[in-house]
Amino acid sequence: MVIFWANTELARNARASLQLSVGGTGSEGDVGEVAISLNVNGDSKECAAPPTMRLSAALRDILNLTSVKEGCCEGECGACTILLDGKPVNSCLVMVFQARGREIITVEGLLPETGLNSLQQAFLDEGAVQCGYCTPGMVMAAEGLLRINPNPDEADIRHALAGNICRCTGFETIVRAVSVEAAARREMEAGR
Ligand code: FES
Ligand code: FES
């Protein structure tokens, strides 16, 4: 089962912690920059940032990983979803210093040398992308699900994507895309 930060006590604590430490803005606040080492997409990256900066902001604005979108910055929309130690989390609810020494994966870390990965392609093929703003977060939430559950049913998929909001597609095509990708991965695994 995928655990969403948006629905957990951990998320509430993170929100409170952000508000306490940065005066309610959820942004950099007035603490100075420090050098922070992050393990991102298999590489060690150094970034100079206020320790209370949102991880989503650090990934986008400092490390230029623009697949990480910021929508609400309150753990409500899922646009900023990444894998942290293999689990989908809302990166807007994590302060950058909390991510030191942990494995961060964004959509950029799933890409093959050229083109799209198979999960992204399934989204395209099934018409699950319109404006695309929610798509990276959806892809990371789905990837998190498929890593722990290779045979999800519709309810599993809907549960895994429950923290991600799409204003365009109506969700049906997204659920279908994840289901198609799950079947393709199972077929590939069986052929090995
Ligand atoms: S931007 Fe993180 S959940 Fe909305
Ligand atoms: S495709 Fe536009 S928000 Fe999902």
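Here, each number is a calculation from the coordinates, and none is a lab measurement. This structure is a prediction, so every number in the text was calculated from the model and none was measured. Methodologically, a virtual Cβ is constructed for each residue, glycine included, from the backbone with ideal geometry; neighbour enumeration extends over all protein chains shown.
What the table below lists for this structure:
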item: Residues K45 and E154, FRET efficiency given R0 of 41 Å [Cβ-Cβ distance, rounded to 0.05]; result: 0.65
item: Protection proxy ranking of 49-60, 181-192, 76-87, 121-132 - average other beta-carbon atoms within 10 Å, highest first; result: 49-60, 76-87, 121-132, 181-192
item: Cα convex hull of the range 33-139, projected area averaged across orientations, nm²; result: 6.6 nm²
item: For the range 89-153, fraction of C-alpha pairs farther apart than 19 Å, in %; result: 41 percent
item: Proximal charge balance of A122 [Cβ under 12 Å; K/R count +1, D/E count -1]; result: -2
item: Reference-scaled alpha-carbon Rg (2.2 N^0.38 Å with N residues) for the range 134-192; result: 1.10
item: Computed label-point distance, nm, for sites C168 and T66 using a 7 Å Cα→Cβ extension; result: 1.6 nm
